[in-house]
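Input: a single structure, listed below in structure tokens.
Every number in this text was worked out from the coordinates using simple rules, so none of it is lab data. Just so we're clear, the structure is a prediction, and the values are computed from it rather than from any experiment. As a convention, Cβ positions derive from the backbone with ideal geometry for all residues, glycine included, and neighbour counts pool all protein chains shown.
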């Protein structure tokens, strides 16, 4: 015959819980004596101390193999990409000539980007380099940091410099777009030969509607003296070369799809898997009421 188990009162349960937390007869806290708790704490202190020391040693060994000034792996950009300024999310430059608010932000973005190219800053921070050859700065066993940089003066961008025409042609419907090649560390662009950027309508039948284009510097040339680039931490004052493209007589109220590409001996521009490899495509539209 089963014996009915006696139910404990609330007071009894509370008493048992209090005794478990602290037993005055055995001097145990939560079922363990002080010496037992001390041994457990000592074990975990030694255990986690060992893990911390092991992690620290591993990180220290790894950091010995890393140069703080040059990325260890630089294979993400086998071919330099290209980008434009002003930069929009969809690479779409669309505005209305008579609506100032529609193009003011483009002007602000160009002003911000070209601030580092002001002649005064370039003269103060960078060197006047002989054109037509790479500006190589080897370490030769001694850390040659920071690397010097060649001047790229804002005035080289002519009527797209924003110095004379502060609206970069947007007010008149003759906008300027800046095209630049992305930086790749220790890359000798051009393979010691002249190179330039060219822009054209993506579709040949739209070439007449795109109209005439003016380039700054002339012919969209990029000089070898701006290469190689040694990295952000080393080449602190480096300002990459840019090419300004001024559209002189765009057909208004029409979507112009434009492609700019770098013409260089060692940069391929026909990789269909990467539309930014050595080239960049964007849309420009100027509306007139």
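Backbone N atoms of the range 219-257 closer than 20 Å to the 7 Å Cα→Cβ label point of residue 163 belong to residues 219-223, 226, 238-247.
Can you tell me how much longer the chain between residue 54 and residue 90 gets when fully stretched, taken as 0.36 nm per residue apart minus their C-alpha distance, in nm with one decimal? Walk me through the numbers before you get to the answer.
On the way: separation 36, 0.36 × 36 = 12.96 nm, distance 4.78 nm.
Roughly 8.2 nm would be gained on extension.
Distance between the modelled labels on residue 23 and residue 67, one decimal in nanometres: 6.6 nm (7 Å Cα→Cβ projection). If the segment from residue 36 to residue 118 were pulled out straight at 0.36 nm per residue, it would be longer than the present Cα-Cα gap by 22.3 nm.
Please order 48, 145, 226 by the number of other Cβ within 10 Å, starting at the fewest.
Working: 48 10, 145 14, 226 21.
Ordered by Cβ neighbours within 10 Å, fewest first: 48, 145, 226.
Say each of residue 108 and residue 83 gets a label point 7 Å from the Cα, pointing the same way as Cα to Cβ; how far apart are those two points in nm? It is 1.9 nm.
Against the main long axis of the alpha-carbon atoms of the chain, helix 34-63 sits at an angle near 20°.
Model label points for residue 254 and residue 221, set 7 angstrom from Cα along the Cα-to-Cβ axis, are 3.2 nm apart.
Restricting to Cα pairs below 8 Å that are 6+ residues apart, what does the relative contact order work out to for the chain? Please round to a whole percent. Before the final figure, lay out the partial values.
Values: 461 pairs, mean separation 66.1, N = 289.
With pairs under 8 Å counted, the relative contact order is 23 percent.
Under the 0.36 nm per residue contour assumption, what length would be gained going from the current alpha-carbon distance of residue 46 and residue 289 to full extension? Please report the intermediate quantities before stating the final value.
Numbers: separation 243, 0.36 × 243 = 87.48 nm, distance 7.81 nm.
The residue 46-residue 289 span can extend by a further 79.7 nm.
Angle of helix 10-21 to the longest C-alpha principal axis of the chain, folded into 0 to 90 degrees and rounded to 10: 70°. Set against the labelled values (1) -0.26, -0.99, -1.11, -1.24; (2) -0.45, -1.09, -1.18, -1.27; (3) -0.35, -1.02, -1.12, -1.23, log10 I(q)/I(0) by the Debye sum over Cα atoms at q = 0.07, 0.14, 0.15, 0.16 Å⁻¹ computed from this structure falls on (2). In degrees from 0 to 90, rounded to the nearest 10, what is the angle of the helix 100-114 Cα long axis to the longest principal axis of the chain? Relative to the chain, helix 100-114 is tipped by roughly 80 degrees.
Quick check on the exposure proxy: order 17, 103 from fewest to most C-beta atoms within 10 angstrom.
Details: 17 9, 103 23.
Lowest to highest Cβ neighbour count: 17, 103.
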